[in-house]
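The values are calculated or read from the model by the stated rules, or taken from the named source; none is laboratory data. Here the structure is a predicted model, which means the values were calculated and not measured. Positions of Cβ are generated from backbone atoms using ideal geometry, with glycine treated the same way; all protein chains shown enter the neighbour counts. The accessibility values were calculated without ligands, DNA or RNA, using every heavy atom of the protein model including side chains. Shrake-Rupley method; radii C 1.70, N 1.55, O 1.52, S 1.80 Å.
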Amino acid sequence: MPGVVSDGPDLLVGGVPVRRLADRVGSTPFFAYDRSRLTERVALLRATLPTDLELSYAIKANPMPAVVQHLSGIVDSLDVASGAEMRLALDTPIDPEAVSFAGPGKSEAELSQAIAAGVVIEIESRLEAERITKEAEQVGIRPVVAVRVNPDFEVKGSGMRMGGGPQQFGVDAEDVPDLIRELEARDLDLRGFHVFAGSQNLHAEILIEAQRKTVDLVMRMAEVMSTVPSYLNLGGGFGIPYYGKDQPLDLAAIGGNLHELVRERLRPAFPDARVLLELGRFIVGEAGVYVTRVVDRKVSRGTTFLVVDGGMHHQLAASGNFGQVIRRNYPIAVATRMDQQPSETVQVVGCLCTPLDLLGDKVDLPPSDVGDLVVLFQAGAYGLTASPTQFLSHAAPLEVLV
Ligand SMILES: *Cc1c(COP(=O)(O)O)cnc(C)c1O
């Protein structure tokens, strides 16, 4: 695992030995996010991407308030997908106009709050556009909007596809010209477009192709507008490696392509527009660990089980039940025996009374026992808030930023 550092037997999390951190937190299981890894990740993106490309953090990947506050100081903008996420974003020093609000089914209350706040509302449907107009009349503020376009192309190789074909997201590209004409007839501040085609993609060549097509698409859509768009949100979808054979994304290749697209296509046409990439998982995913403690060790008909005090109710994705087709192990370690070689093959299971609660299937680990800490890596994105925390009614785990 790149970036894994230990001191003797103890894994270091944010520079702190894991046992000391567990004592500091006071209870297991818990999530710990490494502040310096967040900072390094943003620095890597800044060094690789064009400097006039804005970096937006998609809060839904990890909405822990301390994480959002920390990132708000080093990214340019925040992307939210609910009224509650919008409040988190508005608590940071980021300018409300640098907050974008995407997502289907926004409620009237969320829309009127967004209008009052002055955030960029990304229109997901024709009906939503009407609702915005109606709410804006009541609030008495001219809403700032962009159109989320459901592209007329698909992006292969994404863990979750969110554009192309029929979608609940965005307005189909072929319907956008009519919608723009309608929007321009109303009292709205139409800024531009948003395209987000999918999440968790590790194939640079596919993302490069998608970015080229996204630029083609926004250039076509821009021609329909009677003004020059000032907001072009190109999406993201950058993935991180979870499984043994996953290769990290070739960020340099993607950066090179974006330099070219910005320089040769976007800047000549839109010299002053804000051009954004919005990323969640790529920024926070690798900065987080989920720390559990072994509470039982048993052998059943020749198979050894380590039972830990956490499980799929906190870290659903690691159990393979978060949209994965095939269950594979997330990277896992006995964080209190980092100096020992694997010596046995075990099943690591959570404390829920269901066979779905499997965190490590036939994993090779050092000999471990009750009291040892078992850590799941790559837990910084879509962990706690993407898990069924109420299932089995255990207490919620703590989260710390280290
Ligand atoms: C979920 C989401 C993101 C973040 O996706 P990641 O794969 O975590 O980078 C960005 N934009 C929109 C509109 C989203 O819905």
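How many of the residues in the stretch 104-125 are farther than 13 Å from Val80 by Cα and part of a loop (DSSP other than H, G, I, E, B)?
5
Test Gly244 against the stated conditions and say whether it is away from the ligand (no atom under 16 Å from the Cβ) and in contact with a Cys (Cβ under 7 Å, 6 or more places away or on another chain).
no
Counting only residues that are open to solvent by less than 10 Å² (accessible area, probe 1.4 Å) and away from the ligand (no atom under 16 Å from the Cβ), give me the helices (runs of 4 or more DSSP H) lying completely in the stretch 1-100 with at least 3 of them.
18-25
Confirm whether Thr336 is away from the ligand (no atom under 16 Å from the Cβ), part of a loop (DSSP other than H, G, I, E, B) and buried (at least 22 other Cβ atoms within 10 Å of the Cβ).
yes
Which of the numbered conditions does Glu264 fail, given that it passes all the others? Conditions: (1) over 20 Å from Val120 (Cβ atoms); (2) part of a strand (DSSP E or B).
In the conditions (1) over 20 Å from Val120 (Cβ atoms); (2) part of a strand (DSSP E or B), Glu264 misses (2) alone.
Return yes when Val294 is at pLDDT 95 or above, in contact with a helix residue (DSSP H, G or I) (Cβ under 6 Å, 6 or more places away or on another chain) and in a strand (DSSP E or B) and no when it is not.
No; evaluated as a whole, the condition is false for this residue.
Enumerate the pairs (first residue in the stretch 331-347 and closer than 20 Å to Tyr242 by Cα and in the same structural domain as Asp296 (by TED's automatic domain parsing); second residue anywhere and of a type in the set (Gly, Ala, Ser) and open to solvent by 80 Å² or more (accessible area, probe 1.4 Å)) with beta-carbon separation below 9 Å, excluding pairs fewer than 6 apart on the same chain, so at least 6 apart or on different chains.
Filtered contacts from the stretch 331-347: Pro331/Gly244.
Considering only the stretch 128-144, I want to know if a residue exists there that is within 16 Å of the ligand (Cβ to nearest atom), surrounded by 15 or more Cβ atoms within 10 Å (Cβ to Cβ) and more than 24 Å from the chain's Cα centre (by Cα).
Looking through the stretch 128-144, at least one residue is within 16 Å of the ligand (Cβ to nearest atom), surrounded by 15 or more Cβ atoms within 10 Å (Cβ to Cβ) and more than 24 Å from the chain's Cα centre (by Cα).
Would you point out which residue out of Gly256, Gly235, Gly285, Gly310 is under 30 Å from Ser27 (Cα atoms) and either within 16 Å of the ligand (Cβ to nearest atom) or in the same structural domain as Val99 (by TED's automatic domain parsing) (or both)?
Being under 30 Å from Ser27 (Cα atoms) and either within 16 Å of the ligand (Cβ to nearest atom) or in the same structural domain as Val99 (by TED's automatic domain parsing) (or both) holds for just one of Gly256, Gly235, Gly285, Gly310, which is Gly285.
Taking the options Asp172, Asp178, name whichever one is farther than 21 Å from Glu135 by Cβ, in contact with a strand residue (DSSP E or B) (Cβ under 8 Å, 6 or more places away or on another chain) and either among the β-branched types (Val, Ile, Thr) or open to solvent by 10 Å² or more (accessible area, probe 1.4 Å) (or both).
Result: Asp172 is the single residue among Asp172, Asp178 that is farther than 21 Å from Glu135 by Cβ, in contact with a strand residue (DSSP E or B) (Cβ under 8 Å, 6 or more places away or on another chain) and either among the β-branched types (Val, Ile, Thr) or open to solvent by 10 Å² or more (accessible area, probe 1.4 Å) (or both).
Report, by residue number, each residue of the stretch 101-110 that is away from the ligand (no atom under 16 Å from the Cβ) and aliphatic (A, V, I, L, M).
Scanning the stretch 101-110 gives a single hit, Ala109.
Of everything in the stretch 240-254, what is outside any loop (DSSP other than H, G, I, E, B) and under 19 Å from the mean Cα position of the chain (by Cα)? Give them in sequence order.
Selection gives Leu251, Ile254.
Which one of Arg186, Arg191 is among the basic types (Lys, Arg), assigned by TED's automatic domain parsing to the domain that holds Ala146 and out of contact with any Phe, Trp or Tyr (no Cβ under 9 Å at 6 or more places or on another chain)?
Arg186
In the stretch 339-373, which residue that is buried (at least 21 other Cβ atoms within 10 Å of the Cβ) and farther than 13 Å from Gln315 by Cα is modelled with the lowest pLDDT?
Restricting to residues being buried (at least 21 other Cβ atoms within 10 Å of the Cβ) and farther than 13 Å from Gln315 by Cα, the top hit is Ser368.
What number of residues in the stretch 372-383 are touching a Pro at 6+ places or on another chain (Cβ under 7 Å) and either part of a helix (DSSP H, G or I) or aromatic (Phe, Trp, Tyr) (or both)?
Qualifying residue count, the stretch 372-383: 1.
For every residue, the table says whether it meets (1) of a type in the set (Asp, Glu); (2) closer than 18 Å to Val275 by Cβ.
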{"position": "Gly165", "(1), (2)": "no, no"}
{"position": "Phe169", "(1), (2)": "no, no"}
{"position": "Glu174", "(1), (2)": "yes, no"}
{"position": "Leu179", "(1), (2)": "no, no"}
{"position": "Glu182", "(1), (2)": "yes, no"}
{"position": "Arg186", "(1), (2)": "no, no"}
{"position": "Leu190", "(1), (2)": "no, yes"}
{"position": "Ala210", "(1), (2)": "no, yes"}
{"position": "Thr214", "(1), (2)": "no, yes"}
